[in-house]
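See below for the structure under consideration.
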Amino acid sequence: MIGYKASYNGKCNSLFYEVGKTYEFIGNIKMCSKGLHFCQVFENVFEYYHFNDEVVVFEVEALHNIITEGHKSVTDKLKVNRIVPKEEWNNLLRFLKIEKNQLVHKDSIFVYNEQGLKIQYISPFKCKEWFEYNDKEKIIHYKNDSGYEYWETYNDENLLVHHKTLKGYECWYEYNDNHLLTKFKTSNGSEGINEYNEQNLLIHSKNSDGIEFWKEYNHQGLLTHYKDNYKEEYWYDYDDKGNVIHYKNFTNYEYWKEYNEQGLMTLYKNNSGYQEVCEYKNNHKFTHCKDDDGDKNWSIYDENDSLIDYRTPELHWSIKITPSENIEG
(Lines give C-alpha, C1' and ligand atoms only; values in the text may rest on other atoms or scores of the structure.)
Protein backbone atom coordinates (compact mmCIF):
# COMPACT_ATOMS: atom_id res chain seq x y z
CA MET A 1 0.00 0.00 0.00
CA ILE A 2 1.39 3.40 -1.02
CA GLY A 3 0.96 6.22 1.50
CA TYR A 4 2.56 9.38 2.85
CA LYS A 5 4.49 10.17 5.99
CA ALA A 6 5.24 13.68 7.19
CA SER A 7 8.22 14.66 9.32
CA TYR A 8 10.11 17.67 10.57
CA ASN A 9 13.33 17.50 8.54
CA GLY A 10 13.11 13.71 8.52
CA LYS A 11 12.35 13.22 12.23
CA CYS A 12 9.00 11.87 13.43
CA ASN A 13 8.76 11.50 17.19
CA SER A 14 11.75 9.35 18.16
CA LEU A 15 12.68 8.04 14.69
CA PHE A 16 14.68 9.59 11.85
CA TYR A 17 13.55 8.49 8.36
CA GLU A 18 15.72 8.32 5.24
CA VAL A 19 14.98 7.59 1.59
CA GLY A 20 16.20 4.16 0.53
CA LYS A 21 15.60 2.45 3.85
CA THR A 22 13.00 0.02 5.15
CA TYR A 23 11.85 0.20 8.77
CA GLU A 24 10.55 -2.91 10.50
CA PHE A 25 8.79 -2.66 13.86
CA ILE A 26 9.34 -5.87 15.85
CA GLY A 27 6.47 -6.15 18.28
CA ASN A 28 2.69 -5.73 18.34
CA ILE A 29 1.49 -2.61 16.55
CA LYS A 30 -1.08 -0.27 18.09
CA MET A 31 -2.52 2.93 16.68
CA CYS A 32 -0.82 6.10 17.99
CA SER A 33 1.54 4.27 20.35
CA LYS A 34 3.41 1.36 18.75
CA GLY A 35 4.44 0.95 15.13
CA LEU A 36 5.18 3.00 12.02
CA HIS A 37 2.47 5.50 11.18
CA PHE A 38 1.44 7.03 7.84
CA CYS A 39 -1.57 8.41 5.96
CA GLN A 40 -3.11 6.86 2.87
CA VAL A 41 -4.23 10.28 1.55
CA PHE A 42 -1.57 12.94 1.07
CA GLU A 43 -3.34 15.94 2.58
CA ASN A 44 -4.27 14.07 5.76
CA VAL A 45 -0.66 14.37 6.96
CA PHE A 46 -1.36 18.06 7.64
CA GLU A 47 -3.86 17.07 10.33
CA TYR A 48 -0.83 16.03 12.39
CA TYR A 49 1.86 18.44 11.17
CA HIS A 50 1.84 22.22 10.94
CA PHE A 51 2.63 23.46 7.46
CA ASN A 52 6.05 25.15 7.46
CA ASP A 53 9.45 25.00 5.77
CA GLU A 54 10.65 22.20 8.06
CA VAL A 55 7.98 19.75 6.92
CA VAL A 56 9.30 16.94 4.72
CA VAL A 57 6.75 14.50 3.30
CA PHE A 58 7.85 11.03 2.22
CA GLU A 59 6.14 8.67 -0.17
CA VAL A 60 6.15 5.36 1.68
CA GLU A 61 4.97 1.81 1.12
CA ALA A 62 3.45 -0.37 3.84
CA LEU A 63 4.70 -3.92 3.30
CA HIS A 64 3.07 -6.03 6.03
CA ASN A 65 0.37 -5.73 8.70
CA ILE A 66 -1.74 -2.58 8.57
CA ILE A 67 -4.28 -1.08 10.97
CA THR A 68 -6.33 1.94 9.86
CA GLU A 69 -8.43 4.21 12.04
CA GLY A 70 -9.92 7.34 10.51
CA HIS A 71 -7.31 9.18 8.44
CA LYS A 72 -4.31 7.41 9.96
CA SER A 73 -2.71 3.99 9.50
CA VAL A 74 0.00 2.04 11.29
CA THR A 75 2.14 -0.81 9.98
CA ASP A 76 5.00 -2.96 11.17
CA LYS A 77 7.04 -2.59 7.97
CA LEU A 78 7.47 0.63 6.04
CA LYS A 79 9.64 1.38 3.02
CA VAL A 80 10.59 5.00 2.30
CA ASN A 81 10.50 5.45 -1.47
CA ARG A 82 11.21 9.14 -1.95
CA ILE A 83 10.71 12.69 -0.72
CA VAL A 84 7.64 14.24 -2.34
CA PRO A 85 8.84 17.53 -3.90
CA LYS A 86 6.78 20.56 -2.93
CA GLU A 87 6.20 21.18 -6.65
CA GLU A 88 3.98 18.07 -6.61
CA TRP A 89 1.99 18.95 -3.53
CA ASN A 90 -0.82 20.87 -5.26
CA ASN A 91 -1.43 17.94 -7.61
CA LEU A 92 -1.82 15.61 -4.63
CA LEU A 93 -3.99 17.90 -2.49
CA ARG A 94 -7.73 17.44 -2.96
CA PHE A 95 -9.32 20.19 -0.88
CA LEU A 96 -6.21 22.20 -0.06
CA LYS A 97 -3.61 24.06 -2.09
CA ILE A 98 -0.30 25.82 -1.60
CA GLU A 99 -0.52 29.55 -2.21
CA LYS A 100 1.95 32.26 -1.22
CA ASN A 101 3.81 29.66 0.85
CA GLN A 102 0.63 28.91 2.79
CA LEU A 103 -1.65 25.89 2.97
CA VAL A 104 -5.16 27.08 2.13
CA HIS A 105 -8.58 25.59 1.47
CA LYS A 106 -9.42 25.54 -2.21
CA ASP A 107 -12.77 27.21 -1.52
CA SER A 108 -11.04 30.11 0.25
CA ILE A 109 -9.84 33.30 -1.42
CA PHE A 110 -6.62 35.04 -0.38
CA VAL A 111 -5.71 38.45 -1.81
CA TYR A 112 -2.15 39.76 -1.42
CA ASN A 113 -0.50 43.09 -2.12
CA GLU A 114 2.74 43.58 -4.06
CA GLN A 115 4.78 42.86 -0.93
CA GLY A 116 3.12 39.47 -0.49
CA LEU A 117 1.08 40.59 2.53
CA LYS A 118 -2.47 39.33 2.92
CA ILE A 119 -4.96 42.18 2.48
CA GLN A 120 -8.20 40.23 2.12
CA TYR A 121 -9.46 36.79 3.06
CA ILE A 122 -12.76 35.13 2.16
CA SER A 123 -13.43 31.85 3.95
CA PRO A 124 -15.25 28.80 2.53
CA PHE A 125 -18.30 30.15 4.38
CA LYS A 126 -17.87 33.55 2.66
CA CYS A 127 -16.78 35.33 5.85
CA LYS A 128 -14.58 38.29 4.94
CA GLU A 129 -11.53 39.94 6.53
CA TRP A 130 -9.46 42.98 5.48
CA PHE A 131 -5.93 44.01 6.48
CA GLU A 132 -3.91 47.23 6.10
CA TYR A 133 -0.19 47.65 6.84
CA ASN A 134 2.35 50.39 7.47
CA ASP A 135 5.51 50.71 5.38
CA LYS A 136 7.27 48.30 7.77
CA GLU A 137 4.69 45.57 7.17
CA LYS A 138 2.90 45.83 10.53
CA ILE A 139 -0.90 45.61 10.62
CA ILE A 140 -2.37 49.03 11.32
CA HIS A 141 -6.02 48.29 10.52
CA TYR A 142 -8.10 45.13 10.62
CA LYS A 143 -11.80 44.53 10.17
CA ASN A 144 -14.16 41.70 9.35
CA ASP A 145 -17.76 41.48 8.21
CA SER A 146 -18.89 40.43 11.72
CA GLY A 147 -18.35 43.95 13.04
CA TYR A 148 -14.97 43.51 14.71
CA GLU A 149 -12.41 46.19 13.85
CA TYR A 150 -9.21 47.57 15.34
CA TRP A 151 -6.39 50.05 14.64
CA GLU A 152 -2.78 49.90 15.78
CA THR A 153 -0.08 52.59 15.97
CA TYR A 154 3.68 52.06 16.04
CA ASN A 155 6.61 54.28 17.02
CA ASP A 156 9.70 55.04 14.92
CA GLU A 157 11.23 51.69 15.96
CA ASN A 158 8.10 49.90 14.68
CA LEU A 159 7.03 48.95 18.21
CA LEU A 160 3.33 48.83 19.03
CA VAL A 161 2.36 51.84 21.18
CA HIS A 162 -1.43 52.00 20.83
CA HIS A 163 -4.25 49.57 20.11
CA LYS A 164 -7.89 50.59 19.74
CA THR A 165 -11.02 48.64 18.81
CA LEU A 166 -14.22 49.83 17.19
CA LYS A 167 -16.04 49.42 20.52
CA GLY A 168 -13.65 51.81 22.28
CA TYR A 169 -11.26 49.48 24.08
CA GLU A 170 -7.72 50.92 24.07
CA CYS A 171 -4.29 49.85 25.23
CA TRP A 172 -1.04 51.86 25.42
CA TYR A 173 2.53 50.50 25.56
CA GLU A 174 5.85 52.04 26.64
CA TYR A 175 9.40 50.78 26.07
CA ASN A 176 12.92 51.48 27.32
CA ASP A 177 15.90 52.48 25.19
CA ASN A 178 16.51 48.81 24.38
CA HIS A 179 13.00 48.42 22.92
CA LEU A 180 11.80 46.27 25.84
CA LEU A 181 8.25 46.69 27.12
CA THR A 182 8.29 48.55 30.44
CA LYS A 183 4.69 49.63 30.95
CA PHE A 184 1.19 49.10 29.63
CA LYS A 185 -2.24 50.39 30.55
CA THR A 186 -5.73 49.86 29.18
CA SER A 187 -8.91 51.87 28.97
CA ASN A 188 -10.62 49.51 31.42
CA GLY A 189 -8.10 50.32 34.17
CA SER A 190 -5.61 47.47 33.84
CA GLU A 191 -1.92 48.31 33.91
CA GLY A 192 1.44 46.65 34.40
CA ILE A 193 5.18 47.24 34.61
CA ASN A 194 8.33 45.30 33.69
CA GLU A 195 11.86 45.82 35.03
CA TYR A 196 15.11 44.57 33.52
CA ASN A 197 18.73 44.16 34.62
CA GLU A 198 21.83 45.50 32.85
CA GLN A 199 21.79 42.46 30.53
CA ASN A 200 18.22 43.34 29.43
CA LEU A 201 16.82 40.28 31.19
CA LEU A 202 13.40 40.57 32.82
CA ILE A 203 13.76 40.61 36.61
CA HIS A 204 10.38 41.90 37.83
CA SER A 205 6.87 42.08 36.42
CA LYS A 206 3.67 43.25 38.05
CA ASN A 207 0.16 44.04 36.85
CA SER A 208 -3.07 45.31 38.31
CA ASP A 209 -4.70 41.88 37.96
CA GLY A 210 -2.63 40.77 40.95
CA ILE A 211 0.10 38.86 39.10
CA GLU A 212 3.69 39.59 40.17
CA PHE A 213 6.91 37.64 39.70
CA TRP A 214 10.68 38.04 40.13
CA LYS A 215 13.61 36.43 38.31
CA GLU A 216 17.34 36.15 39.07
CA TYR A 217 20.16 35.09 36.73
CA ASN A 218 23.80 34.04 36.91
CA HIS A 219 26.74 35.67 35.09
CA GLN A 220 25.90 33.54 32.01
CA GLY A 221 22.43 35.05 31.82
CA LEU A 222 20.80 31.76 32.85
CA LEU A 223 17.77 31.75 35.12
CA THR A 224 18.72 30.72 38.67
CA HIS A 225 15.68 31.73 40.71
CA TYR A 226 12.01 32.41 40.03
CA LYS A 227 9.21 33.25 42.41
CA ASP A 228 5.79 34.81 42.16
CA ASN A 229 3.08 35.99 44.51
CA TYR A 230 1.15 32.70 44.06
CA LYS A 231 3.87 30.76 45.98
CA GLU A 232 5.46 29.30 42.85
CA GLU A 233 9.22 29.26 43.38
CA TYR A 234 12.13 27.27 41.93
CA TRP A 235 15.92 27.35 41.62
CA TYR A 236 18.48 26.15 39.03
CA ASP A 237 22.21 25.45 39.30
CA TYR A 238 24.47 25.08 36.26
CA ASP A 239 27.94 23.81 35.40
CA ASP A 240 30.57 25.92 33.62
CA LYS A 241 29.10 24.92 30.22
CA GLY A 242 25.61 26.14 31.09
CA ASN A 243 24.09 22.68 31.61
CA VAL A 244 21.49 22.34 34.35
CA ILE A 245 22.93 20.22 37.16
CA HIS A 246 20.39 20.84 39.91
CA TYR A 247 16.75 21.92 40.14
CA LYS A 248 14.57 22.45 43.19
CA ASN A 249 11.09 23.90 43.63
CA PHE A 250 8.95 25.14 46.48
CA THR A 251 7.46 21.65 47.06
CA ASN A 252 11.01 20.37 47.77
CA TYR A 253 11.02 18.32 44.58
CA GLU A 254 14.60 18.10 43.30
CA TYR A 255 16.55 16.55 40.46
CA TRP A 256 20.23 16.34 39.55
CA LYS A 257 22.00 15.83 36.22
CA GLU A 258 25.54 14.85 35.26
CA TYR A 259 27.26 15.17 31.88
CA ASN A 260 30.30 13.80 30.06
CA GLU A 261 33.04 15.88 28.45
CA GLN A 262 30.95 16.26 25.28
CA GLY A 263 28.10 17.81 27.26
CA LEU A 264 25.87 14.74 26.90
CA MET A 265 23.79 13.81 29.92
CA THR A 266 25.04 10.67 31.65
CA LEU A 267 22.90 10.67 34.78
CA TYR A 268 19.51 11.97 35.83
CA LYS A 269 18.04 11.33 39.26
CA ASN A 270 15.42 12.91 41.45
CA ASN A 271 14.47 12.78 45.10
CA SER A 272 11.51 10.48 44.33
CA GLY A 273 13.90 7.58 43.71
CA TYR A 274 13.85 7.68 39.89
CA GLN A 275 17.18 7.39 38.14
CA GLU A 276 18.20 7.33 34.48
CA VAL A 277 21.69 6.36 33.37
CA CYS A 278 22.86 7.16 29.83
CA GLU A 279 25.86 5.56 28.15
CA TYR A 280 27.30 6.27 24.73
CA LYS A 281 29.10 3.64 22.66
CA ASN A 282 30.04 3.85 18.97
CA ASN A 283 27.66 6.77 18.39
CA HIS A 284 24.83 4.79 19.99
CA LYS A 285 23.11 6.06 23.11
CA PHE A 286 21.95 3.57 25.72
CA THR A 287 19.65 4.69 28.51
CA HIS A 288 18.77 2.66 31.55
CA CYS A 289 16.05 3.82 33.93
CA LYS A 290 15.22 2.50 37.37
CA ASP A 291 13.43 3.49 40.54
CA ASP A 292 13.16 2.14 44.09
CA ASP A 293 11.68 -1.13 42.80
CA GLY A 294 14.69 -1.85 40.60
CA ASP A 295 15.29 -1.84 36.87
CA LYS A 296 12.37 -0.47 34.86
CA ASN A 297 13.30 0.16 31.24
CA TRP A 298 16.10 0.23 28.73
CA SER A 299 16.30 2.30 25.53
CA ILE A 300 18.81 2.15 22.67
CA TYR A 301 19.29 4.89 20.08
CA ASP A 302 21.21 4.82 16.80
CA GLU A 303 23.62 7.41 15.38
CA ASN A 304 20.67 9.56 14.22
CA ASP A 305 19.28 9.57 17.79
CA SER A 306 16.40 7.34 16.63
CA LEU A 307 14.92 5.10 19.32
CA ILE A 308 15.45 1.60 17.89
CA ASP A 309 15.01 -0.64 20.93
CA TYR A 310 12.82 -0.28 24.02
CA ARG A 311 12.13 -2.79 26.74
CA THR A 312 10.59 -3.08 30.19
CA PRO A 313 9.96 -6.20 32.28
CA GLU A 314 6.54 -6.44 30.60
CA LEU A 315 7.21 -5.10 27.08
CA HIS A 316 9.82 -5.23 24.34
CA TRP A 317 9.85 -3.76 20.86
CA SER A 318 12.56 -2.80 18.42
CA ILE A 319 12.97 -1.30 14.97
CA LYS A 320 15.18 -2.82 12.31
CA ILE A 321 16.44 -0.43 9.64
CA THR A 322 17.80 -1.85 6.39
CA PRO A 323 18.56 -0.53 2.88
CA SER A 324 15.62 -0.98 0.50
CA GLU A 325 15.91 -2.55 -2.91
CA ASN A 326 14.71 -0.96 -6.15
CA ILE A 327 14.17 2.50 -4.70
CA GLU A 328 13.18 5.28 -7.11
CA GLY A 329 15.85 7.97 -7.21
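The values are calculated or read from the model by the stated rules, or taken from the named source; none is laboratory data. Worth saying up front: this structure is predicted, and the values here are computed from it rather than measured. Positions of Cβ are backbone-derived with ideal geometry, glycine not excepted, and every protein chain shown enters the neighbour counts.
Structure notes:
- When Glu99, Glu149, Glu170 are checked against the criterion of being touching a Leu at 6+ places or on another chain (Cβ under 7 Å), without any contact (Cβ under 8 Å) to a residue 24 or more places away in the chain and surrounded by fewer than 16 Cβ atoms within 10 Å (Cβ to Cβ), Glu149 stands alone in meeting it.
- Criterion applied to Phe131, Phe184 was being more than 30 Å from Ser108 (Cβ to Cβ), in a strand (DSSP E or B) and without any contact (Cβ under 8 Å) to a residue 40 or more places away in the chain, and the one residue passing it is Phe184.
- Restricted to segment 1-29, and to residues there that are charged (D, E, K, R) and within 13 Å of Val56 (Cβ to Cβ), the residue that is farthest from the chain's Cα centre (by Cα) is Glu18.
- Filtered residues of segment 16-29 (kept if in a strand (DSSP E or B) and either of a type in the set (Val, Ile, Thr) or touching a Gly at 6+ places or on another chain (Cβ under 6 Å) (or both)): Phe16, Thr22, Phe25, Ile26
- Filter result for Lys136 (part of a strand (DSSP E or B) and under 25 Å from Tyr173 (Cα atoms)): no
- Among the residues of segment 211-231, those identified as modelled with pLDDT of 95 or more and over 27 Å from Met265 (Cα atoms) are Ile211, Glu212, Phe213, Trp214, Lys227, Asp228, Asn229.
- Residue satisfying condition, being under 22 Å from Asn304 (Cα atoms), buried (at least 18 other Cβ atoms within 10 Å of the Cβ), of a type in the set (Phe, Trp, Tyr) and in contact with a helix residue (DSSP H, G or I) (Cβ under 9 Å, 6 or more places away or on another chain), within set Phe38, Phe16: Phe38
- Every listed requirement among (1) within 21 Å of the chain's Cα centre (by Cα); (2) within 28 Å of Lys285 (Cα to Cα); (3) surrounded by 13 or more Cβ atoms within 10 Å (Cβ to Cβ) is met by Cys32 save one, (3).
- Segment 94-116 - residue that is more than 30 Å from Gly10 (Cα to Cα) and not in a strand (DSSP E or B) and, of those, modelled with the lowest pLDDT: Asp107
For (1) under 22 Å from Leu15 (Cα atoms); (2) surrounded by fewer than 16 Cβ atoms within 10 Å (Cβ to Cβ); (3) modelled with pLDDT under 90; (4) under 27 Å from the mean Cα position of the chain (by Cα), each residue gets a yes or a no:
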site	(1), (2), (3), (4)
Cys278	yes, no, yes, yes
His284	yes, yes, yes, yes
Thr287	yes, no, yes, yes
Asp293	no, yes, yes, no
Ser299	yes, no, yes, yes
Asn304	yes, yes, yes, yes
Ser318	yes, yes, no, yes
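- Every residue from segment 199-213 that is surrounded by 15 or more Cβ atoms within 10 Å (Cβ to Cβ) and touching a Ser or Thr at 6+ places or on another chain (Cβ under 8 Å): Glu212, Phe213
- For Tyr121, the conditions (1) surrounded by 13 or more Cβ atoms within 10 Å (Cβ to Cβ); (2) modelled with pLDDT of 95 or more all hold with the exception of (2).
- The strands (runs of 3 or more DSSP E) located wholly in segment 30-93 that include 3 or more residues which are modelled with pLDDT of 90 or more and closer than 18 Å to Thr322 by Cβ occupy 55-62, 77-83.
- Test: residue in segment 27-44 that is of a type in the set (Phe, Trp, Tyr) and within 30 Å of His316 (Cβ to Cβ): yes
- One residue stands out among those in segment 233-280 that are aliphatic (A, V, I, L, M) and part of a strand (DSSP E or B): the one that is nearest to His204 (Cα to Cα), which is Val244.
- Residue in segment 213-225 that is of a type in the set (Lys, Arg) and part of a loop (DSSP other than H, G, I, E, B) present: no
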